[in-house]
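**Q** The structure follows.
The values are calculated or read from the model by the stated rules, or taken from the named source; none is laboratory data. Note that the coordinates shown come from a computational prediction; the quantities given were computed from them, not determined experimentally. Glycine also receives a Cβ, built like all others from the backbone with ideal geometry; neighbour counts cover every protein chain displayed. We work out accessible area using only protein heavy atoms, side chains counted, and drop any ligands, DNA or RNA first. Shrake-Rupley method; radii C 1.70, N 1.55, O 1.52, S 1.80 Å.
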Amino acid sequence: MLTPSQIDEFHRNGFLNGGRILTDDELDALRADLDHILEKGPDGFSDAEPHPVSFRNMSQRGDELAALAVWQIVNIWEAAPAFQQLIYHPSIVKGISQLTGAADLMVWHDQIQYKPPNYGGATRWHQDAPLWPIILPMTPVSAWIALDDADEGNGCMWMVPGSYKWGDQMDFLRTQQHLEQRDEFMNIEGFAPPADSEVKAVAPQPRPVKSGEVSFHHSLTWHGSPFNRSDRPRRAIAIHYMTGESRFVASGQHLMKQFVTLEDGEPMAEAGEHFPTVCRDGEPVGAPA
Ligand SMILES: O=C(O)CCC(=O)C(=O)O
């Protein structure tokens, strides 16, 4: 359970380190499952076996930094038992329920972001919700769980406190895509917060997260992560949830749309087996046996 002061901190900043939630055994099982899937690689799965929805290198550069990689695996929970347990983890699910105020929650999708040692690429500044145009209302809060200590050295996430209060600013953030290195990541320039906003300054900060800890962020919080040029891996998973109010928007496009079996405006709670319910009436339902 999060405390009232943690919940206040989240509402002030749009992010929160919720502390350690995984045991050493749980961490070992998650790392073993992830390493197994990384070894198989994007082309190592037959259609007949459980496989993630997508497995790709997000950092497809054509220049001298082409060796940099950010391996993104979407819905690893469908391919690996330890990750299936994780999406139902009571501390994560309860935390999301407290921070959203939502009694019912479903999984929207999960997303591994693995930055390999020495050659880890950047995840550029962005907001999540504008990239998810097939659900409304916007999913408010995500959980990000570190499988390695993530710090400034190996490309931890950076966030801008209070930025979620400025609404959809993706058009502006697309102008900041040149910021990729650790030493330049704080140099966001050219944005004036709305005059009536209580948050007046753009003040990016690194947000280290230790392995086994969960970090929560609002889906409009400005965030991203620079290169990993350290000799350490940076393995982590984000789990994005939907609230019981979420409805399908048929006009939008998204990787997960192929699995939605609904008409426009119907509740995402009925979207099918790729979007399992994890919380009902404020209580985590627990992982299937
Ligand atoms: O893992 C990262 O560095 C970025 C993750 C992210 O963008 C997210 O969780 O929404």
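**Q** Of all residues in the range 59-80, count the ones that are touching a strand residue (DSSP E or B) at 6+ places or on another chain (Cβ under 7 Å) and closer than 18 Å to residue 240 by Cα.
**A** 7
**Q** Something else: Return the residues of the range 119-135 that are open to solvent by less than 10 Å² (accessible area, probe 1.4 Å) and away from the ligand (no atom under 13 Å from the Cβ); say none if nothing qualifies.
**A** Hits for the range 119-135 are 134, 135.
One line per residue, one yes/no per condition, for (1) of a type outside the set (A, V, I, L, M); (2) away from the ligand (no atom under 14 Å from the Cβ); (3) modelled with pLDDT under 95; (4) open to solvent by 20 Å² or more (accessible area, probe 1.4 Å):
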| residue | (1), (2), (3), (4) |
| --- | --- |
| 112 | no, no, no, no |
| 117 | yes, yes, no, yes |
| 137 | yes, yes, yes, yes |
| 140 | yes, no, yes, yes |
| 147 | no, no, no, no |
| 159 | no, no, no, no |
| 170 | no, no, no, no |
| 179 | no, no, no, no |
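**Q** Right, another one. Is it fair to say residue 196 is under 22 Å from residue 140 (Cβ atoms) and either of a type outside the set (A, V, I, L, M, F, W, C) or surrounded by 15 or more Cβ atoms within 10 Å (Cβ to Cβ) (or both)?
**A** Spelling it out, residue 196 is indeed under 22 Å from residue 140 (Cβ atoms) and either of a type outside the set (A, V, I, L, M, F, W, C) or surrounded by 15 or more Cβ atoms within 10 Å (Cβ to Cβ) (or both).
**Q** Considering only residues that are farther than 18 Å from residue 125 by Cα and either polar (S, T, N, Q) or within 12 Å of the ligand (Cβ to nearest atom) (or both), which ones fall in the range 211-222?
**A** Residues satisfying the conditions are 211, 214.
**Q** Please verify whether the range 46-58 includes one or more residues that are within 16 Å of the ligand (Cβ to nearest atom), of a type outside the set (Lys, Arg), open to solvent by 40 Å² or more (accessible area, probe 1.4 Å) and free of Cβ contacts under 8 Å to residues at least 60 places away in the same chain.
**A** Within the range 46-58, not a single residue is within 16 Å of the ligand (Cβ to nearest atom), of a type outside the set (Lys, Arg), open to solvent by 40 Å² or more (accessible area, probe 1.4 Å) and free of Cβ contacts under 8 Å to residues at least 60 places away in the same chain.
**Q** How about the range 211-289: which strands (runs of 3 or more DSSP E) wholly inside it have at least 1 residues that are among the aromatic types (Phe, Trp, Tyr)?
**A** 213-218, 234-243
**Q** Residue under question is residue 87, and the condition is that it be among the β-branched types (Val, Ile, Thr) and more than 13 Å from the ligand (Cβ to nearest atom); does it hold?
**A** yes
**Q** Among the numbered conditions (1) in contact with a Gly (Cβ under 9 Å, 6 or more places away or on another chain); (2) within 30 Å of residue 247 (Cβ to Cβ); (3) not small (Gly, Ala, Ser), tell me where residue 139 comes up short.
**A** Every condition holds for residue 139 apart from (1).
**Q** Quick one: in the range 223-253, of everything that is farther than 24 Å from residue 119 by Cα and either open to solvent by 50 Å² or more (accessible area, probe 1.4 Å) or out of contact with any Asp or Glu (no Cβ under 8 Å at 6 or more places or on another chain) (or both), which residue is farthest from the ligand (Cβ to nearest atom)?
**A** Among residues in the range 223-253 that are farther than 24 Å from residue 119 by Cα and either open to solvent by 50 Å² or more (accessible area, probe 1.4 Å) or out of contact with any Asp or Glu (no Cβ under 8 Å at 6 or more places or on another chain) (or both), the one farthest from the ligand (Cβ to nearest atom) is 251.
**Q** Return yes when residue 96 is more than 14 Å from the ligand (Cβ to nearest atom), closer than 21 Å to residue 272 by Cβ, β-branched (Val, Ile, Thr) and open to solvent by less than 10 Å² (accessible area, probe 1.4 Å) and no when it is not.
**A** Criteria not met by residue 96.
**Q** Here is a check on your reading of the model: is residue 258 open to solvent by 30 Å² or more (accessible area, probe 1.4 Å), touching a Pro at 6+ places or on another chain (Cβ under 8 Å) and among the polar types (S, T, N, Q)?
**A** No; evaluated as a whole, the condition is false for this residue.
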